[in-house]
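Heads up, the thing below is written out as structure tokens.
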Amino acid sequence: MDDMKTAEHQDPNAFDDPIVTKRAGGAAGIGGVLHAMDFAIRERAMLPLITLNKPGGVDCPGCAWPDPDEEHAGIVEFCENGAKAVAEETTPRRCTPEFFAEHSIDDLLGQTDYWLGRQGRLTTPMLHEAGDTHYRPISWDEAFDRIAEKLGKIDPNDAIFYTSGRTSNEAAYMYQLLARRLGTNNLPDCSNMCHESSGAALGSTIGIGKGTVTLEDIYNAGLIITVGQNPGTNHPRMLAALEEQKKRGGKIVAINPLPEPGLINFHNPQTPKGMLGSGTDLADEYMRIRINGDQAFFQALNRELIERDYLDREFLDEYCTGVEETIEHLKKVDLDYVRKCTGLRPEAIDRVADMVMEAGEKGVIVCWAMGATQHRNSVPLLKEIVNFLLLTGNIGKPGAGACPVRGHSNVQGDRTMGIWERPPEPLLQRLDDEFGFTTPREHGYDVVNAIRAMRDNKVKFFMAMGGNFVRATPDTPVTEQGFRNTDMIVHVSTKLNGSHLHPGSEQTIILPTLGRTDEDKQNGVRQSVTVEDSMGMVHASTGKRTANPGLYSEPAIVGEIGHRAFGDSWWLEMAGDYRVIRKHIANTIPGFANYEEKIKNPGGFALPNGPRERKFGTPDGKAHLTQHDLKYFDCPEGHLILQTVRSHDQYNTTIYGLNDRYRGIRDGRRVIFISPEDCRDLGLEDGQIVDLTSVWEDGVERRAENFRVVEYDTARHCAAAYFPETNVLIPLDSTAETSNTPTSKSILIRVEPSAA
Ligand code: SF4
């Protein structure tokens, strides 16, 4: 009997007694195949998986790792977590009106994220009004009318339109237009919580807020340095690209407080060596750095290269500014302070400097993910990485460059489509010209400011295009209260999640939508959507699975709301034929001319990327080297620095399962990884149940309870635990300078024996 249908009221924060086993020595392999097949068979995902990430097929709704060209493509082009992401959509389970009639919101609040996600695909629009204990079905017609009516009554800046990175280019383009047609730039998106720091650092130094490398560059790089990234779980097909780079003689340096198996060894399931042999060793050097020590690491590395006079003077003279000031600044870097910040021995920096020089003309790429972007000093850190790439001339040549690896399949595309609370004037001008209305110029709310506005009762309407806002954001009780303060909330979702359980003060509507693998027919014609991967490649995705009857696509939902709220003809024209959306995109977004033709190419097309050709889109056309002070992240005695992480059975706040097989965890999630030395110093024991309390300048006690201590080989004074369970520990006001990204990777905590 599927225990996932019964819903005894329980405490989702109760201890779940996970089993702790040995950490894996490497990633993927037979285990990866078996797990992928388990999900694929159980959830009927086999068919879409065959053409996943292949021309003419579906783009994986998981991460944004690019698809290799035919020469490098495997028999199949998906990883274990891609199979899980597809299985989330193809599951035969259905979350029906009968389910909502059986389960009150109070009941559902007693369930875990995992249990909620297992209830299956939503089938029918659902409504909750003030005083209701349960959601009840509502017709699409009435739902759209209620939304349009509300939009007609409010001040535009009392509305917020949130976007999750799974949203296609076509839906994102219409959605930004809906917000701006209303008159607001309140367009927060999940990028605000992940790579906003990357956009801020790269945009101001090299003139583009995206990475500069291609997949071919990864294969050919002489050296790849990965910073704060766990590709084995979060971008698994990257491992095949790293294996190819190693085969071509390249080297890898991994910088991460945790020993992630996916950075140590890769068993490529599409090769005999991978399936039967020893696999491929990846990292040649593994820097088990202290959390938040990365900026110090790159300052010291840059200092060492300057001392060795290993600088690309020709490149610096021709393309860069701020060179001498930066060199003088870096010469003064205090290596003892660096050692304190990084926890690394000076020889470690020297070894990496040797590898940079050995890579020489083959080039050096720096890849990074959340472990680099979710700290107070993330923007200065990423600018220091840019300093490194510029000083050594590793920008705009083969095998070299900056590579922020995006976590959500179309998060980069959404920003390209205009999903940004701080839109550039030229975009707004082009939209004005194209659609004949004046778009708003006042900048809007990002994620953190949106939560502040809801907390302070300034929001009358909140709409979420996908995602799980309440569970993904920091300071959970504050966000929950923010939702309850908001008059009307609209969720466009494929499945039930924790955000649905915090209804607005007047009304909340859940609109069930198509998934990426579902066939999307408009006026009887199958539609394709497009996405942009981490490397700026735009390609088509065409769902072919017969969807549950009665679901609307995301563009159709936005089209109906726009049409009813504003009456413009273009809403239904676009919703009825996505080529019309792409025509407007081609007229208003640079790089999309001949859009319809270009997406017919297998693999799609590359968007312009100036730095790849050493053209820098900065005001002075130069690449900027910059200087930054170093600040030690103090960890007083009796405390630890916590980073929130995903398990291997998780994608953002979607919990696929209760295992984290690479880290040796089974059947549970309430664990905290702490080094044996720190356990000894803190008087803790492996297996002990503890409560976590974050320490922040506002003096508020933020607690997360009932975690099992797991002695683990993490860097000293550093701990790790899963989100969303630990997002409650992150203060709303603890954000990165400039990017305002929550500091989910460096939170000061106390660990105490569990009160329970
Ligand atoms: S690497 Fe990312 S995009 Fe590729 S199949 Fe896996 S989850 Fe999907």
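Whole-Hz Karplus values for the stretch 739-756 come out as 8, 6, 7, x, 8, 6, 9, 8, 10, 7, 9, 10, 10, 10, x, 5, 4, 5 Hz, taken residue by residue from phi with 6.51 cos²θ - 1.76 cosθ + 1.60 and θ = phi - 60°; glycine and proline positions read x. A simple spin-label model places the labels of residue 587 and residue 666 6.0 nm from each other, with each point 7 Å out along Cα-to-Cβ.
Element breakdown for the stretch 228-324 at a 1.4 angstrom probe: carbon and sulfur atoms account for 46% of the accessible area.
Extension gain, residue 130-residue 361: 0.36 nm per intervening residue step, less the Cα-Cα distance, totals 76.7 nm.
Carbon and sulfur atoms: what percent of the 1.4 Å accessible area of the stretch 446-529 do they account for? With neighbouring chains kept in place, the figure for the stretch 446-529 is 41 percent.
Phi angles of the stretch 59-64 translate, via the Karplus equation with coefficients 6.51, -1.76, 1.60 and θ = phi - 60°, into HN-Hα couplings of 7, 4, x, x, 8, 10 Hz per residue; Gly and Pro are given as x. Accessible area per residue for the chain is 34 Å², calculated with a 1.4 Å probe on protein heavy atoms, without ligands, DNA or RNA. Assuming charge only on the beta carbon of Lys and Arg (+1) and of Asp and Glu (-1), the dipole of the stretch 1-156 about its Cα centre is about 320 debye to the nearest 20. Distance between the modelled labels on residue 738 and residue 442, one decimal in nanometres: 2.7 nm (7 Å Cα→Cβ projection).
The charge dipole of the stretch 83-189, taken about the Cα centre with unit charges on the Cβ atoms of Lys, Arg (+1) and Asp, Glu (-1), comes to about 380 debye, rounded to the nearest 20.
Which of 109, 74, 91 sits farthest toward the positive end of the charge dipole of the stretch 56-124, with +1 on the Cβ of Lys and Arg and -1 on the Cβ of Asp and Glu? Value computed over the given set: 109.
Give the shape of the chain as rounded, prolate or oblate, defined through the alpha-carbon gyration tensor: a ≥ b ≥ c are the square roots of its eigenvalues, a/c under 1.5 means rounded, and otherwise the shape is prolate if a/b is larger than b/c and oblate if not. Judged from the Cα gyration tensor, the chain comes out rounded (a/c under 1.5). When both bridge partners sit in the chain, DSSP labels roughly 45% of those beta bridges antiparallel. With 25 Å as the limit, the listed pairs 340/383; 331/631; 544/600; 460/521; 210/615 have 460/521 beyond it between alpha carbons.
Between the alpha-carbon centers of the stretch 219-262 and the stretch 556-614, tell me the distance in whole angstrom. After rounding, the separation between the Cα centres reads 34 Å. Between residue 163 and 189, 190, 465, the built amide H atoms are under 5 Å apart, and every one of these is 5 or more places off in sequence or on another chain.
Can you compute the FRET efficiency between residue 93 and residue 754 using 1/(1 + (r/R0)^6), with r the Cβ-Cβ distance and R0 = 30 Å? Round to the nearest 0.05. My answer for the efficiency is 0.30.
Cross-link candidates for residue 273: which lysines have Cα within less than 20 Å, leaving aside residues fewer than 8 places away along the same chain? Counting by Cα, and skipping residues close in sequence, residue 273 has these lysines nearby: 246, 247, 251. The slack between residue 456 and residue 615, meaning 0.36 nm per residue of separation minus the straight C-alpha distance, is 52.8 nm.
In this structure, residue 139 and residue 284 have a Cβ-Cβ separation that, at R0 = 56 Å, corresponds to a calculated FRET efficiency of about 0.40. Between residue 11 and residue 318, the contour length at 0.36 nm per residue exceeds the alpha carbon distance by 104.3 nm. Once the Cβ-Cβ distance of residue 101 and residue 580 is raised to the sixth power relative to R0 = 30 Å, the FRET efficiency obtained is 0.15.
Amide hydrogen proximity for residue 720: with H placed 1.01 Å from N in the peptide plane, the residues at 5 or more positions away or on another chain lying under 5 Å are 643, 673. Shape of the stretch 130-261 from its Cα gyration tensor (a ≥ b ≥ c, root eigenvalues): rounded if a/c is under 1.5, otherwise prolate when a/b > b/c, or oblate? Taking the square roots of the gyration eigenvalues as a ≥ b ≥ c, the stretch 130-261 is prolate. Here is the short version for the chain: 60, 63, 79, 95, 190, 194, 320, 341, 635, 679, 718 have no other Cys C-beta closer than 4.7 Å. Could you check what % of the DSSP bridge pairs in the stretch 626-756 are antiparallel, to the nearest 5? So the antiparallel bridges in the stretch 626-756 amount to around 70 percent.
Of all lysines in the structure, the ones whose alpha carbon falls short of 17 Å from that of residue 458, not counting any fewer than 8 places away in one chain, are 150, 153. Of the solvent-accessible surface of the stretch 16-162, computed with a 1.4 Å probe over protein heavy atoms with every protein chain present, carbon and sulfur atoms account for 56 percent. Our coupling estimate for the stretch 189-199, obtained by passing each phi through the Karplus curve with A = 6.51, B = -1.76, C = 1.60 and θ = phi - 60°, is 9, 5, 4, 4, 9, 10, 9, 4, 4, 5, x Hz, Gly and Pro reported as x.
The values are calculated or read from the model by the stated rules, or taken from the named source; none is laboratory data. Remember, it's a predicted structure, so these values are computed and weren't measured experimentally. With ideal geometry, Cβ positions are generated from the backbone for all residues, glycine too; neighbour counts draw on all protein chains shown. Keep in mind that these areas ignore ligands, DNA and RNA; they rest on the heavy atoms of the full protein, side chains included. Shrake-Rupley method; radii C 1.70, N 1.55, O 1.52, S 1.80 Å.
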